[in-house]
Structures are given as C-alpha cells and as structure tokens.
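Inspection log for the structure reproduced underneath, given as structure tokens.
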Amino acid sequence: MGILEGKKALVFGIASNLSIAYGIAKQLKAEGAVVALSYAAVHEKRIKSIAEELGSTFVEECDLSNDDEIDNLVNKYEEKFGKIDIIVHSVAFASREALSGRFMEVTRDDFRVAMDISVYTLIAVVKKFERIMSDDASVVTLSYYGSEKVVPNYNVMGVAKAALEAAVRYLAVDLGKNGKRINAVSAGPIKTLSAAGISGFKSLLSSNEQRIPLGRNVDIEDCGNLAAFLLSPKAKNITGSVIYVDGGFNITAM
C-alpha cells in the first residue's frame with residue numbers, strides 16, 4: 001500500500017509530459033492517490049492523453065486569474081469528491097520580454113502579471129479550497145533557486161518565486177491553526193516547456209551539472225518523489241518550508 005493510499009489530489013499546471021507537475025502527478029498515483037487535474041486552456045490537447053494515463057476522471061479547465069472560475073472549480077470538485085486531501089500548485093508565467101535583458105526594464109504590466117499568475121494564484125486556490133480541505137490536507141507549490149540568488153535571464157520570475165516562498169510561510173501559519181500544511185519544492189533546472197522561454201537555458205543546464213556535488217541534474221521523477229513525501233502523513237510535522245531537490249547545487253559557492 002502506498003503512502004497516499006485513498007488520498008484525493010488535485011494537480012494544477014501540467015503542460016506536457018515534461019512538466020514537473022506531471023512527474024508529481026505520476027508519483028501521487030503510484031502511491032495510491034486519486035489524481036484529478038486542472039489545466040489552462042492552452043494545454044487542452046496535451047492534457048487529455050495525460051489524464052487517460054493517470055486514470056483521472058476529473059479533468060477541468062480553469063483560469064486561475066479569475067476568482068469566479070476557481071469558485072466553480074471548487075464546487076465541481078466538492079460535488080464529485082467531497083473533501084480534498086492534496087493540492088499541487090505548479091503555476092507560473094512571465095512574458096518572454098521580462099525574461100531577458102536588464103531586470104529593471106520590466107514593465108509595470110509584465111510585473112503585475114508575473115506576480116498574479118505565479119504568486120497570487122496559490123493564495124487564491126488555498127483560500128477557495130480551504131472550506132473543503134480534509135483535516136490533514138497538504139499543499140505543495142514549486143519554486144527555484146533564482147528566488148535567492150541572481151540567475152541570468154530569470155529576472156522577474158526570480159522576484160515572483162521569492163514572493164511565492166514568502167507566501168508559503170504566511171499560508172503555513174494560516175493553515176496550521178487547523179492542522180493543514182503547505183510547503184514548496186525548489187527543484188534544480190529541468191528541461192520543461194516553461195524553461196524553454198528562458199534565454200540561455202541550455203548553457204545553464206550544462207553549467208549547473210558541472211557544479212552539482214552529486215554531478216547530475218535532477219528530473220521530474222526526483223520532484224515527484226519529494227512532493228509525494230511532503231504531501232503524505234510521513235511529513236506531518238513539516239510545513240512552511242522550502243525543500244531543495246537540486247543535487248546539492250544550493251550549497252555551493254562557486
């Protein structure tokens with residue numbers, strides 16, 4: 001029996017079978033969870049085959065920048081499953097223009113959109129779903145080391161991830177009063193669709209591998225293993241934390 005046997009999970013943000021969220025969803029299923037999916041309209045074609053693979057019977061489009069759509073999603077989920085045990089938030093966005101050049105050139109609109117989609121959607125989802133969370137519900141979101149150190153061309157997304165990690169800490173206090181938990185997984189660079197939008201990502205991946213103490217880059221399976229643990233009762237006293245899965249890259253100085 002898996003460590004998540006019988007748990008009901010909702011995963012936001014799968015874009016393809018390269019997505020970190022996909023790696024997490026696969027591991028949740030492997031550990032016995034019932035996995036539901038919510039996706040952005042732009043990914044509809046890819047998500048259907050993934051849903052079949054995961055055995056997901058609840059697959060709903062939702063624009064997380066729209067509170068009414070989130071409310072509707074909560075109602076649909078409650079109607080089908082009642083309570084929710086697990087939420088995976090893998091949602092982030094910044095325009096290509098905001099991910100190159102000088103950080104200070106970011107426009108007000110690009111900054112607002114990056115913060116709204118990459119940070120506030122987590123707050124909104126937790127707030128809206130709180131009323132149907134089980135007593136020991138757990139949430140995981142995804143971050144990256146660019147929240148702490150300057151990574152070339154990560155720019156506004158680094159600022160957004162820093163805000164996301166702060167949000168995790170504040171949400172942990174809110175949720176902890178009722179026994180619920182939230183953590184962030186900070187993964188090393190992985191070749192995903194979103195990573196393709198970062199200028200120079202291939203060279204970043206290569207240089208990263210050369211500096212990692214373990215000598216190898218991580219993959220979506222590594223992220224899935226960590227997330228499944230954090231979302232399970234085995235991590236019952238871990239909350240408000242940012243946990244690295246990066247081969248030890250974050251401990252290196254040069």
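Where a number appears in this text, it was derived from the coordinates with a stated rule and is not lab data. Not measured: the values here are computed from a predicted model. Counting neighbours? That spans all protein chains shown, and the Cβs are built from the backbone with ideal geometry, glycine included.
Can you give the Rg to Rh ratio for the stretch 89-184, taking only C-alpha atoms and Rh from Kirkwood? Taking Rh as the inverse mean 1/r over Cα pairs, Rg/Rh reads 1.04.
I'd like the FRET efficiency for residue 250 and residue 169, computed as 1/(1 + (r/R0)^6) with the beta carbon distance as r and R0 of 22 Å, rounded to 0.05. With R0 = 22 Å, the Cβ-Cβ based efficiency is 0.80. Taking 0.36 nm per residue of separation and subtracting the Cα-Cα distance, full extension of the segment from residue 44 to residue 136 would add 30.0 nm. Among residues other than residue 46 with Cβ under 12 Å from its Cβ, the summed charge is -1 (Lys and Arg +1, Asp and Glu -1).
Going from the fewest other Cβ atoms within 10 Å to the most, the residues 252, 239, 141 appear in the order 252, 239, 141. Length gained on full extension, residue 65 to residue 107: 13.2 nm, using 0.36 nm per residue less the C-alpha separation. Around residue 163, with a cut-off of 13 angstrom between Cβ atoms, what is the net charge of the other residues, counting Lys and Arg +1 and Asp and Glu -1? Neighbourhood net charge equals 0.
Per residue of the chain, the DSSP helices (runs of n ≥ 4 H) give a summed -39500 (n - 2.57) that works out to -12000 deg cm²/dmol at 222 nm. Computed over the chain, the Cα gyration tensor eigenvalues convert (square root of 5λ each) into semi-axes of 27, 20, 18 Å, ordered from largest to smallest. Once the Cβ-Cβ distance of residue 211 and residue 5 is raised to the sixth power relative to R0 = 41 Å, the FRET efficiency obtained is 0.60. Classify the stretch 114-254 as rounded, prolate or oblate, taking a ≥ b ≥ c as the square roots of the eigenvalues of its Cα gyration tensor: rounded when a/c is under 1.5, otherwise prolate if a/b is larger than b/c and oblate if not. Taking the square roots of the gyration eigenvalues as a ≥ b ≥ c, the stretch 114-254 is prolate. A straight Cα-to-Cα reach below 15 Å connects residue 236 with the aspartates and glutamates 85, 135, 136, residues fewer than 8 places away in its own chain not being considered.
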